[in-house]
1. All but one of (1) open to solvent by 80 Å² or more (accessible area, probe 1.4 Å); (2) part of a loop (DSSP other than H, G, I, E, B) hold for B:Asp267, so report the exception by its number.
2. Looking at segment B:245-280, which of its residues are under 18 Å from B:Thr4 (Cα atoms) and hydrophobic (A, V, I, L, M, F, W, C)?
3. Scanning segment A:123-135 for residues that are outside any strand (DSSP E or B) and facing another protein chain (nearest Cβ under 8 Å), which turns out farthest from B:Ala159 (Cα to Cα)?
4. Determine which member of the set B:Phe97, B:Phe18 is surrounded by fewer than 18 Cβ atoms within 10 Å (Cβ to Cβ) and of a type in the set (Phe, Trp, Tyr).
5. Quick check: is even one residue across segment B:3-12 under 18 Å from B:Leu233 (Cβ atoms) and out of contact with any strand residue (DSSP E or B) (no Cβ under 6 Å at 6 or more places or on another chain)?
6. In segment B:170-193, what residues are open to solvent by 10 Å² or more (accessible area, probe 1.4 Å), within 14 Å of chain A (Cβ to nearest Cβ) and in a helix (DSSP H, G or I)?
7. If you scan segment B:73-83, which residues turn out to be buried (at least 18 other Cβ atoms within 10 Å of the Cβ) and of a type outside the set (Gly, Ala, Ser)?
8. Among the residues that make up segment A:161-175, is at least one of them modelled with pLDDT of 90 or more and either more than 14 Å from chain B (Cβ to nearest Cβ) or more than 23 Å from A:Leu69 (Cα to Cα) (or both)?
Amino acid sequence: MKRPCIQRDCYVSEDGICQMGEPNAEVCKFREEAIEADLEPEASPAVQWDRLHPPWTGRALSGSDVAPLVGHARPLLIGLLGSSDAGKTTYLMTSYLRLHQGCSVEAYRFAASYTLGGWENLADYGRFSPGQPPRFPPHTSSGLERTPGLLHLAFRLEKLESHDMAAQKATTVELLLADAPGEWFDQWAIASDASASAGARWIIRHTDGIMLFLDCDALAGSQRGGAVTKLIRLLDRLGPKVMERPVAAIWSKADRYPDIPNAIRVRIETALILRLPDRKEFFIRAGNPDPDPESDAPEGGVAASMAWLLDEIKLQTIRMAASPPFKSPDPFFAYRGRSTERAG
Amino acid sequence: MSKTVLVLGGPDTGKTHFTGQLYGRLMLTDSAIKLLSAPDDLGAIQQVLDSLGEGRAADHTPIAADHRMPWELRMPSGAEATIIWPDYGGEQLQGIFHSRSVPVSWVDRVRDSDCWLLFIRPLILRQFEDILTRRRGLVAASASELTPKIALKPWSDAAYYVELLQILLWTRHAEVPAQRRSPRLLVMLSCWDELSQKELPAEALRAVLPLFYEFLASNWDSSCCRIFGLSSLGKALSKTEPDQDFQDLGPDQQGYVVMPDGERSPDLTVPLAWLLEDQT
């Protein structure tokens, strides 16, 4: 098989995912170079048998990358849903910057990550460098992918045993966060069975918990009619699919929340109550800090929302009875163990 | 008892000066650990000892250098121990990170080592300000940034150290994350004399590499991971201009370690004594 990319670990022809993060592999410069050089597989960089290579690169994972890394613990998958520019990627960036500062996610302390390269790439947008102020991460592009890039985090959870305050029981929680382009969910809301909705269906099928982003800036702006229509359409599609899974409804860019017209707010609240009655709502202003240093840290909602979702997913996992293995060609199912298929 | 120490440290993190000064202390009778006898061949240490004796900094260890010196030691308990003390070019460790692979020559020593000694020099770490440390908002991305990046930017030093240890732990087939007791880990914050704020070593590490600090706390049992400060020479030395005071007093009288509780000691063998002591 002719490998069209000179990057040794890039199997773009097999799963459509460019390892360099290029959304459209056709224009990846490494692929272009390969085509120009007419490289045959034998000419690609030789495997170095005198070196051991860990099975991760630090870049975001795809579904098939996960199994060899986290076989000892079942990772939780959280899907970030919402329209384009609703703040999903900025939320992830802020989450990592907090961890980088040594802040825990409430009781969850950073313990490991196999996608530090992906996280550092995001963090770069939030850092000061000479001549470069922090800026919003770019739009997550749709590209050719059918599964989203997954960012990995492992946490150590320290909880005191209620019957013995002196004893601390530490457990590990492994987490995969799916940051998908907003267009996926806009499309999925319109036509859930369309081929263009495959990525969104994958997330909805596999996710253990959902973060739904409600963009206050869009809902208060001049195009708010379109924004609320899209949101309600998404809620209508999502509601029946959620089943028992916890949903954190995150009002992003919450400094604009007061500017949302009352009528719009009522329509949204009505839809939320109808479609996601068990949601918990959070308000965050990640990336646009409140100038008043005495107020609650604006990124506090970032930690609270993630911690709540992790707690809820763990509770839900305990409630669910053990089920027989579910056979599926999708390697991500290999350790899901669910007997009920959730339709995407 | 025979133990293998894995010494980890990039270039310019102070490994070579510590090796020279440690050797000098091991030859003293009032150190916690003592050398039973001088090794047959001082080898690479000789150049370091000569330089320090003349009040000069030692030369940079060549990249390809890979020395292993067997030392026969008398431990504080009276027991005898043999350790293999390595010295190598710090670029080899960086090479593991950048190539994302572990050379076969390193695999055995990573797997067989009982304890790890990691040198980090706080002064050469890059410190970032970001939107959380400096309360400023984000601006819209410039037009050139609207397409996602192809090349990944260099990682922060904290992420670098986390990834490095993740790779080494994977090489040992160790579960990550997990609160481990083996290998015992000592983090040596070197060139302590360069630092202006005098806090506890653990606090100093937490201040410069918070993400890495959390990683250590989550992946090592607290009794098996210690953070020390180190100033092998007590001051900066030039490679070319001899320091007269240093010459006159002699290397044995220079340098100190900072214990985890903040106490200073001139006995540079104390960290090694903790690293090598039998776990109960």
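1. Of everything listed in (1) open to solvent by 80 Å² or more (accessible area, probe 1.4 Å); (2) part of a loop (DSSP other than H, G, I, E, B), B:Asp267 misses just condition (1).
2. Initial filter on segment B:245-280 (under 18 Å from B:Thr4 (Cα atoms)): B:269-279.
Within segment B:245-280, B:Val270, B:Leu272, B:Ala273, B:Trp274, B:Leu275, B:Leu276 qualify.
3. A:Pro133
4. Working: B:Phe18 fails: surrounded by fewer than 18 Cβ atoms within 10 Å (Cβ to Cβ).
Checking each option against the conditions leaves just B:Phe97.
5. Yes.
6. B:Trp170
7. First pass over segment B:73-83, keeping only residues buried (at least 18 other Cβ atoms within 10 Å of the Cβ): B:73, B:75, B:81, B:83.
Result: B:Leu73, B:Met75, B:Ile83.
8. Scanning segment A:161-175, I find no residue that is modelled with pLDDT of 90 or more and either more than 14 Å from chain B (Cβ to nearest Cβ) or more than 23 Å from A:Leu69 (Cα to Cα) (or both), so the answer is no.
The values are calculated or read from the model by the stated rules, or taken from the named source; none is laboratory data. Predicted model only: the values in this text are computed from it and were never measured. Neighbour counts run over all protein chains shown; Cβ positions are idealised from the backbone, glycine included. Surface accessibility is based on the protein's heavy atoms, side chains included, excluding ligands, DNA and RNA. Shrake-Rupley method; radii C 1.70, N 1.55, O 1.52, S 1.80 Å.
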